[in-house]
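The values are calculated or read from the model by the stated rules, or taken from the named source; none is laboratory data. Please read these numbers as outputs of a predicted model, since none were measured by experiment. Quick reminder, even Gly has a Cβ in these numbers, built from the backbone with ideal geometry, and neighbours come from all protein chains shown. Quick note on the areas: whole protein, heavy atoms, side chains included, nothing else; ligands and nucleic acids left out. Shrake-Rupley method; radii C 1.70, N 1.55, O 1.52, S 1.80 Å.
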Amino acid sequence: MGEDLLLAVEQLTARDAGVRAVMLRGAGAHFSAGGNPHAHKGGAPLAAAAAALRRTFAGFAALRGLAVPLVCAVHGTVIGGGNAACLSCDYIVAEGSATVEHGN
């Protein structure tokens, strides 16, 4: 996710397309249903997990560096890291049926 966010910021700043806001939304039935239990078969070394978190944080930090409002469009379920994504935005707009959980 971090690399995707960094790429998006690079593309937005390179185009100078008069972007006035950035919206984050989920690409499925949920905004963020938590971690993907199928993403890793077995435990990742602590250093690899820490590097992945740093890349994700760098992506969100790059978004925050844009001089435009960030809007989070919430639908379905938001768990775990999805909460952090929402809280990094300036505005959160949610469907009435959306649910937000801590996850732990």
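Where residues in region 74-93 are surrounded by 15 or more Cβ atoms within 10 Å (Cβ to Cβ) and within 16 Å of L5 (Cα to Cα), which of them is nearest to the chain's Cα centre (by Cα)? By that ranking, first place goes to A85. Hey, can you tell me all the residues within region 20-31 that are part of a loop (DSSP other than H, G, I, E, B) and open to solvent by less than 60 Å² (accessible area, probe 1.4 Å)? Across region 20-31, the qualifying residues are A21, G26, G28, F31. Among the residues here, R54 qualifies as basic (K, R), touching a Gly at 6+ places or on another chain (Cβ under 9 Å) and modelled with pLDDT of 85 or more.
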